[in-house]
Amino acid sequence: MELVYDFFEDSAEAIAAVRSRRPLGLGVLGWLLGALSFFAAMAVSGRVSPLPWGGLELAFCLLWELATGCALVAFVHLIADFQGRRGSASELFVLFGLADLAWALVVPAVFILTAVCPRAHWLLAASFLIVGYYNLSLKARCLRDAYQMSLGRAWVTLALPYLAAFLAGALVFSLAIASLLLQILKGLG
C-alpha cells in the first residue's frame, strides 16, 4: 500500500521502490483493478450488461486490458529505446499498472452522477474522459520519470502507439469498405 500511496504522492520515491523491488504482481494487479473499475463504472452507467451475463464480458475486459497493457508497454519501451533512452520495460509495466488504478475514480463519479442526473449521459461521458486523461497524464509522468525525458517527449512517445492503432484500424476499415464496394460493383455488373 505504501508503494501505491507513494505513486500518487511522490513519484520519485515510487520509481526508486519499483526499481529496487520490481513487483510485477503489483503491476498486474493494478492493470486488473483498473479494468475492473472501468467495467464496474460501465455496468453502473448501463453501458454493459450486469453480472452474471456480464461475467464473460468482464473476463474478456480483464484479459484485454492485460494484453493491451503488455503491448503498450512493449511499444513505448521500443520507441523510447529507439530514441536512445534507457529504462526497464518491467518497471514501466508496473508503473503503468499503478497508473491504471486511476480508473477507480470513475466509479464513485458514475454513482453520484447517476443518482443526481440519471438522464445526463454527457456528464457520464465527460467523467470517463476526465479520468481517462488523468490516467494518460499519470502514464506520461511515469514515462518521463522512468526514462529521464521531458514531459512533452513523454506525451509524444505515449501517443505514438495509440496513433498507430488508430491508423491501423482506419486502414482496415477503409479496406473493408473498398472490398464491399468492389463486391457490390461486381454484383451489379
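The values are calculated or read from the model by the stated rules, or taken from the named source; none is laboratory data. Since the structure is predicted, the reported quantities are computational estimates derived from the model, not experimental observations. A quick note on method: Cβ atoms are made from the backbone with ideal geometry, for glycine too, and the neighbour counts reach across all protein chains shown.
Here's the yes/no breakdown for (1) in contact with a Gly (Cβ under 9 Å, 6 or more places away or on another chain); (2) surrounded by fewer than 18 Cβ atoms within 10 Å (Cβ to Cβ); (3) part of a helix (DSSP H, G or I); (4) without any contact (Cβ under 8 Å) to a residue 24 or more places away in the chain:
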{"position": "64", "(1), (2), (3), (4)": "no, yes, yes, no"}
{"position": "75", "(1), (2), (3), (4)": "no, yes, yes, no"}
{"position": "84", "(1), (2), (3), (4)": "no, yes, no, yes"}
{"position": "90", "(1), (2), (3), (4)": "yes, yes, yes, no"}
{"position": "125", "(1), (2), (3), (4)": "no, yes, yes, yes"}
{"position": "131", "(1), (2), (3), (4)": "no, no, yes, no"}
*asked:* Looking only at the stretch 138-160, count every residue that is among the polar types (S, T, N, Q) and either in contact with a Gly (Cβ under 8 Å, 6 or more places away or on another chain) or surrounded by fewer than 16 Cβ atoms within 10 Å (Cβ to Cβ) (or both) and tell me the total.
replied: 2
*Quick one: would you say residue 147 is within 21 Å of residue 32 (Cα to Cα) and of a type in the set (Phe, Trp, Tyr)?*
no
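Conditions (1) in a helix (DSSP H, G or I); (2) of a type in the set (S, T, N, Q); (3) within 16 Å of residue 76 (Cα to Cα), marked per residue:
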residue	(1), (2), (3)
109	yes, no, no
118	no, no, no
134	yes, no, no
149	no, no, yes
168	yes, no, no
180	yes, no, no
184	yes, no, no
187	yes, no, no
*For residue 41, indicate whether it is within 23 Å of residue 151 (Cα to Cα) and either crowded, with 17+ Cβ neighbours inside 10 Å or at pLDDT 95 or above (or both).*
no
*Does at least one position in the stretch 103-118 carry a residue that is farther than 17 Å from residue 37 by Cβ and not aliphatic (A, V, I, L, M)?*
yes
_Conditions first: (1) at pLDDT below 85; (2) in a helix (DSSP H, G or I). Residue 48 passes all but one, so which condition is the exception?_
(2)
_Quick check on this structure: which one of 78, 92, 98 is in contact with a His (Cβ under 7 Å, 6 or more places away or on another chain) and within 24 Å of residue 20 (Cα to Cα)?_
92
*Identify the residue in the stretch 138-163 that is small (Gly, Ala, Ser) and under 15 Å from the mean Cα position of the chain (by Cα) and, among all such residues, is farthest from residue 87 (Cα to Cα).*
159
*Scan the stretch 161-176 for residues that are in contact (Cβ under 8 Å) with a residue 24 or more places away in the chain and surrounded by 14 or more Cβ atoms within 10 Å (Cβ to Cβ) and jot them down.*
161
